[in-house]
1. Would you mention how many residues in the stretch 49-74 are part of a strand (DSSP E or B), in contact with a Lys or Arg (Cβ under 9 Å, 6 or more places away or on another chain) and not β-branched (Val, Ile, Thr)?
2. Quick check on the stretch 28-47: of everything there that is within 15 Å of Phe7 (Cα to Cα) and in a loop (DSSP other than H, G, I, E, B), which residue is nearest to the ligand (Cβ to nearest atom)?
3. Of the residues His32, His49, His60, only one is open to solvent by 80 Å² or more (accessible area, probe 1.4 Å) and under 14 Å from Val8 (Cβ atoms); which?
4. When both residues are 6+ apart or on different chains and their Cβ atoms are under 6 Å apart, which pairs have a first residue that lies in the stretch 48-74 and is farther than 20 Å from Asp6 by Cα and touching a residue at least 24 places away in the same chain (Cβ under 8 Å), and a second that is among the aliphatic types (A, V, I, L, M) and not in a loop (DSSP other than H, G, I, E, B)?
5. Where residues in the stretch 1-29 are among the small types (Gly, Ala, Ser) and open to solvent by less than 80 Å² (accessible area, probe 1.4 Å), which of them is farthest from Glu67 (Cα to Cα)?
Amino acid sequence: MNQKNDFVMIKAIEDGVNVIGLTRGSDTRFHHSEKLDKGEVMIAQFTEHTSAIKIRGKAHIQTGIGELESDSRK
Ligand code: TRP
């Protein structure tokens, strides 16, 4: 199983959800930020460059290890 190829599906439940990609390796930092409005979906993979994904705002998240909902920042 190559976990680097695992997919994540994110559906924004409110406007302005941020999907932030964090780098793989000894230096963990933001490398990409994507803004989703309500109803928009992003399907992303963990890759050689991305080991973690941070989601800010209310969204439904589905991955191979389960599904959950993030809460609104308000
Ligand atoms: N170029 C990035 C990569 O290959 C793109 C990317 C993949 C990404 N997965 C992501 C960006 C998740 C944000 C969130 O690693």
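The values are calculated or read from the model by the stated rules, or taken from the named source; none is laboratory data. All values reported here derive from a predicted model rather than from experimental measurement. Ideal geometry is used to build each Cβ from the backbone, glycine not excepted, and the neighbour counts take in all protein chains shown. What goes into the accessible areas is simple: the full protein's heavy atoms, side chains included, and nothing from ligands, DNA or RNA. Shrake-Rupley method; radii C 1.70, N 1.55, O 1.52, S 1.80 Å.
1. Count: 8.
2. Taking the stretch 28-47 first, the residues within 15 Å of Phe7 (Cα to Cα) are 41-47.
Next cut, in a loop (DSSP other than H, G, I, E, B) only: 46-47.
Working: Phe46: 7, Thr47: 4 Å.
Within the stretch 28-47, the match that is nearest to the ligand (Cβ to nearest atom) is Thr47.
3. Numbers: His49 fails: under 14 Å from Val8 (Cβ atoms); His60 fails: open to solvent by 80 Å² or more (accessible area, probe 1.4 Å).
Of His32, His49, His60, the one residue that is open to solvent by 80 Å² or more (accessible area, probe 1.4 Å) and under 14 Å from Val8 (Cβ atoms) is His32.
4. Going by the 6 Å Cβ cut-off, the qualifying pairs are Gly57/Val17.
5. From the stretch 1-29, those among the small types (Gly, Ala, Ser) are 12, 16, 21, 25-26; that's our starting set.
Pick out the ones that are also open to solvent by less than 80 Å² (accessible area, probe 1.4 Å) and you get 12, 16, 21, 25.
Numbers: Ala12: 14, Gly16: 20, Gly21: 18, Gly25: 25 Å.
This residue is Gly25.
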